[in-house]
Amino acid sequence: MRQFPRALFTSPSRGSLALLGLVASLGWALAPGASLAEAQAPPADASTAMVAPPPPEPPVVREILLELGKRQISLLEGSQVIGRWPVAIGDPSTPTPVGRYTIENMVVNPVYQSTSSGKINATRGPQAPLGDRWIGFKQSGVNQYGIHGTPDAWAWTVTSRAAVSNGCVRMLTPHVRELFSKVQLGTPVIVKP
């Protein structure tokens, strides 16, 4: 028998009468002369059983898949490919790292700093060394590997799927903008040989 706390029903009031109506609407029974605290739940059969709502759908997980051998990057949603683009990757002497990472930072109009000299190139926008989007996925000391845009002068490196960068992944401007708009911090980045 389900019992309500007695302290809630010490005297009749509008609240207790409204609660009595709620108890009845839920199918609870109240024996003659009994208090609301003694209301009994209906039998659990198919006609009166309360049904819990279905559990919420699990969130759809997106992940970036970079296939170095194919020189392409794909955005997956579950097992479905929702975008695929050509890329340029790291030179054999400064390869793009293989492994499983997550997006650590995302920057619009990033500023490039040389990994060898430390010199900063203050140019910003689509014609800057990193283009106008940066998706960082692996920190290595003061350097970071990322997916970024490519100025028009170097677009041939992407269209020919070259291995020429210092380890980062170059994409054409419209492609990196689309990818950037569909991912977030923490999105998995899987880099395969």
Yes/no for V164 being in contact (Cβ under 8 Å) with a residue 12 or more places away in the chain, surrounded by 13 or more Cβ atoms within 10 Å (Cβ to Cβ), farther than 18 Å from G90 by Cβ and not basic (K, R)
no
In the stretch 87-127, what residues are at pLDDT below 95 and aliphatic (A, V, I, L, M)?
V111, I120, A122
Kindly indicate whether R62 is touching a residue at least 60 places away in the same chain (Cβ under 8 Å), basic (K, R) and either surrounded by 15 or more Cβ atoms within 10 Å (Cβ to Cβ) or over 24 Å from V191 (Cα atoms) (or both).
yes
Taking the stretch 98-125 and keeping residues surrounded by 14 or more Cβ atoms within 10 Å (Cβ to Cβ) and in a loop (DSSP other than H, G, I, E, B) leaves I103, E104, N109, P110, V111, T115, R124
What tally of residues in the stretch 134-144 results from selecting those that are in contact with a Ser or Thr (Cβ under 8 Å, 6 or more places away or on another chain) and buried (at least 23 other Cβ atoms within 10 Å of the Cβ)?
1
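The values are calculated or read from the model by the stated rules, or taken from the named source; none is laboratory data. Here the structure is a predicted model, which means the values were calculated and not measured. Cβ sites come from the backbone with ideal geometry, for glycine too, and all protein chains shown count toward neighbours.
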